[in-house]
Structure formats: structure tokens, C-alpha cells
Amino acid sequence: MGATNIHWHGGIVTREDRARALNMRGATIWFTGLSGSGKSTIAAALEKELLIARVPCYRLDGDNLRTGLNADLGFSDRDRTENVRRLGEVSHLFADAGIVVLVSAISPLQADRDAARRAHQNDRNGPLPFLEAYVKAPLDVCESRDPKGLYKKARRGEIMSFTGIDSPYEAPNSPEILLDTARCDVAECVATCIENLRSRGVIA
Ligand SMILES: Nc1ncnc2c1ncn2[C@@H]1O[C@H](COP(=O)(O)OP(=O)(O)OP(=O)(O)O)[C@@H](O)[C@H]1O
Ligand SMILES: [Mg+2]
């Protein structure tokens, strides 16, 4: 269980101080969707565009973090929730530091994504933008793409509890960003994200 006798040590620098000094403002875009819907592809392309515009940004890809921070976690219900909880906490810290964070993780459960949102909203220095981006593509489209061959393995019974096949995916209730990758190409999806960040005043 959690430690007791913990006392929060506040800093001297406010978020506004940081934003003024470094000319940056943090936010998290949380890409959620089925495997193969395009989360990682869009996040990588968006990161490139943001850096060209000199916006400090960083990707937290669910797969990549499973090689380090989350290497102890598997795919049980409990571990999936813990995986998303850690992504939520880390993205919150990065956003607080003034970075535009691009999380890409299936994150199948609305309750888990809501918890990540709360981590941003309940920051002591005021809420940080949390933009849920639903990367939407029908299961058959994702399965026909199958960039990692995972659907084939799941259909052969070599992977159990695969999201969309024998494990649920809960589409976002009211995502800030909707990216329909069956209809829009990567560049259009990236442009939608950038427009969204602009309209919310996260980037100039
Ligand atoms: N509009 C689009 N946006 C993103 N990817 C697209 C689009 N159209 C086609 N694709 C293709 O779909 C595939 C998406 O794969 P990607 O690895 O990005 O999925 P993912 O959502 O990250 O999956 P996973 O949850 O398994 O990591 C790629 O092969 C990509 O080229
Ligand atoms: Mg991915």
C-alpha cells in the first residue's frame, strides 16, 4: 500500500513562470484505438511536424514503454490497467514540464483513460490539457493491415485476450479529437491534431 507521512514540497516556479521563460506549454494527446488503427504511425508523424515547428514534444508509445518502465507488466486486466495508469502519470509529469506528450496505447477501457485524464485535471498547479484522440478504424480494416501480424496470431489462438477479438475495446464517449483512419490519410490526421492544439492555445 501507499506510503504515509509524505509531505508535498512545492517549488518556487509557477506554471506561468515556466511557460514564459521557456515559451512552451504542455499538453497530452492520448491516442486510443484498436491495434493497427494507426496510433503509433500518427504519433510519430505528428512528433516530426511539431519538432519542425520547434514545439517540445515526446512520444510515449505503449509498446516502447513495455520494454522499460512497464517491462514487469503483461496483458491481464490488472496489468493493462496498471500500464495505462503509469502512462497517465508519466504523461502528466511531462505535460507539467511543458512538453506536448503523444501517448499511443490501445488503452481499451474508458475508466482507465478517465483516470489518466483526472491525473491531468487534478494537477496542483491547475488542470493540464488532456486531449483524447480516438483513432477510429473498423476491426476488419485493422485486421487487413495487421502491421505486426498480431491479428493472424490471435485468430490462430496464439495470443489470448486480444483487443477486438476476445477482449473488449470501449470507444471513447466524447473524444476531443476524432481521427478516422479508414477515410483520412496520415497527413490529414496529423493536420487535424495540429489544428486542435492551435485552437486550444497549446501551440501558436
Ligand atoms: N490514416 C492512417 N493513419 C495511420 N496509419 C494508417 C493510416 N492509413 C493506413 N495506415 C496504416 O495502418 C497501420 C497502423 O499501424 P500502427 O502500428 O500505427 O497501429 P497502432 O494503432 O499503433 O497499433 P498497436 O496498438 O498494435 O500498436 C500502418 O501500417 C499504417 O501505415
Ligand atoms: Mg502502436
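Note on the stretch 50-71: residues that are under 19 Å from F94 (Cα atoms) and outside any loop (DSSP other than H, G, I, E, B) amount to 11. Of the residues making up the stretch 171-201, those that are surrounded by fewer than 19 Cβ atoms within 10 Å (Cβ to Cβ), out of contact with any Phe, Trp or Tyr (no Cβ under 8 Å at 6 or more places or on another chain) and among the hydrophobic types (A, V, I, L, M, F, W, C) are A182, C184, V186, A187, A191, I194. When you look at P147, is it in contact (Cβ under 8 Å) with a residue 40 or more places away in the chain and more than 16 Å from ligand 2 (Cβ to nearest atom), yes or no? So P147 does not fit the description; no.
The numbered conditions (1) over 22 Å from P172 (Cβ atoms); (2) touching a strand residue (DSSP E or B) at 6+ places or on another chain (Cβ under 6 Å); (3) surrounded by 23 or more Cβ atoms within 10 Å (Cβ to Cβ) are all true for L87 except (1). None of G26, G36, G98, G88 is within 16 Å of ligand 1 (Cβ to nearest atom) and modelled with pLDDT of 95 or more except G36. For the criterion of being more than 30 Å from D166 (Cβ to Cβ) and among the charged types (D, E, K, R), E82 fails. All of P168, P138 fail the test of being modelled with pLDDT of 95 or more and surrounded by 12 or more Cβ atoms within 10 Å (Cβ to Cβ), apart from P138. Within the stretch 125-177, being over 19 Å from the mean Cα position of the chain (by Cα), aliphatic (A, V, I, L, M), within 15 Å of ligand 1 (Cβ to nearest atom) and not in a helix (DSSP H, G or I) holds for I159, I165.
The values are calculated or read from the model by the stated rules, or taken from the named source; none is laboratory data. Computed from a prediction, not measured in an experiment: that's the story for all the values here. Cβ atoms come from the backbone with ideal geometry, glycine included; neighbour counts cover every protein chain shown.
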